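In what follows, a single structure is set out as structure tokens and then discussed.
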Amino acid sequence: MEISNQFFISIEGNEGVGKTTAVQYVKQFLNNHKKDFIATREPGGTPVAEQIRAVLLQEHDEPVAKDTELLLMFAARAQHVAAVIKPALKQNKWVVSDRFVDASYAYQGGGREMDLQRIAELDKWVLQGFKPGLTLLLDAPVDVCLARVKGRGDLDRFETEKSAFFERVRQVYLDRAKAESQRFKLINTDCDLGEVKSQIDAVLDRYLQGLQ
């Protein structure tokens, strides 16, 4: 049975762009509209995938090869889709995921400067065309994002990267949003939280109306 992706929303963006807050706004919107949903994250979302997440985010004495990082991301994603996302969609539940496959193009493709075509081949093999029905891309200048990240305390393996890494991440995200403008909706987060929430609510309102 083919599974519809219409109830699948992903939230993407750079470090410090405000994804955690945006997830809360999306959950609030779905609650207000009496929608049954689950909220999850990548890498992670299942016990197995959360263990892979720990390996990916922790600092290691041994350098993590780019291919290792990419393959671990997709291994966690394969488990996430099989154990959490598709079963929820089969039950007509909405799924809100903090990151999905676009993050691999942005972080491993842009940040790590890996060949985007290689990522696309892995994407096709693992997901076979499965993607969110709606992707909210949160965007703000990199210097704004990094200033927010510095206030967090302990940083993970990705958060310690240099500004140039995150500029490349941002550019790939923006390129993907332009190429798939039907799925992606850009949310400016370089503003007060009330305005961010208004943008998200407006996008979700239009999306819901389009499904009716």
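The values are calculated or read from the model by the stated rules, or taken from the named source; none is laboratory data. Keep in mind that what you see is a predicted model, and the values were worked out from it rather than measured. Here the Cβ positions follow ideal geometry from the backbone for every residue, glycine too, while neighbour counts run over all protein chains shown.
Figures for the structure shown
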quantity: Failed item in (1) closer than 28 Å to Asp190 by Cα; (2) of a type in the set (D, E, K, R); (3) without any contact (Cβ under 8 Å) to a residue 40 or more places away in the chain, with Arg99 passing the rest; calculated: (3)
quantity: Qualifying helices (runs of 4 or more DSSP H) (wholly inside segment 1-100; at least 1 residues being closer than 25 Å to Trp125 by Cα and not aromatic (Phe, Trp, Tyr)); calculated: 47-57, 66-80, 86-90
quantity: Close pairs (9 angstrom Cβ cut-off, 6 or more residues apart or separate chains): at positive phi in segment 7-21, among the polar types (S, T, N, Q) and assigned to a loop (DSSP other than H, G, I, E, B) anywhere; calculated: Gly13/Thr189; Gly18/Thr189
quantity: Search result, residues across segment 59-70 that are closer than 13 Å to Ile119 by Cα and out of contact with any helix residue (DSSP H, G or I) (no Cβ under 8 Å at 6 or more places or on another chain); calculated: Asp67, Thr68
quantity: Residue identified as closer than 29 Å to Gln6 by Cβ and modelled with pLDDT of 95 or more among Arg168, Arg183; calculated: Arg183
quantity: Number of the condition not met by Arg53 [criteria: (1) touching a residue at least 24 places away in the same chain (Cβ under 8 Å); (2) crowded, with 18+ Cβ neighbours inside 10 Å; (3) of a type in the set (D, E, K, R); (4) in contact with a strand residue (DSSP E or B) (Cβ under 9 Å, 6 or more places away or on another chain)]; calculated: (1)
quantity: Criterion (closer than 25 Å to Gln58 by Cα, of a type outside the set (S, T, N, Q) and under 17 Å from the mean Cα position of the chain (by Cα)) met by exactly one of Arg170, Arg148, Arg152, Arg176; calculated: Arg170
quantity: Residues being of a type in the set (Ser, Thr, Tyr) and out of contact with any helix residue (DSSP H, G or I) (no Cβ under 8 Å at 6 or more places or on another chain) - total across segment 4-53; calculated: 1
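Yes/no matrix, rows are residues, columns are (1) of a type outside the set (Ser, Thr, Tyr); (2) over 16 Å from the mean Cα position of the chain (by Cα); (3) at pLDDT 95 or above; (4) part of a helix (DSSP H, G or I):
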position: Phe130; (1), (2), (3), (4): yes, no, yes, no
position: Arg157; (1), (2), (3), (4): yes, yes, no, no
position: Glu161; (1), (2), (3), (4): yes, yes, no, no
position: Ile187; (1), (2), (3), (4): yes, no, yes, no
position: Gly194; (1), (2), (3), (4): yes, yes, yes, yes
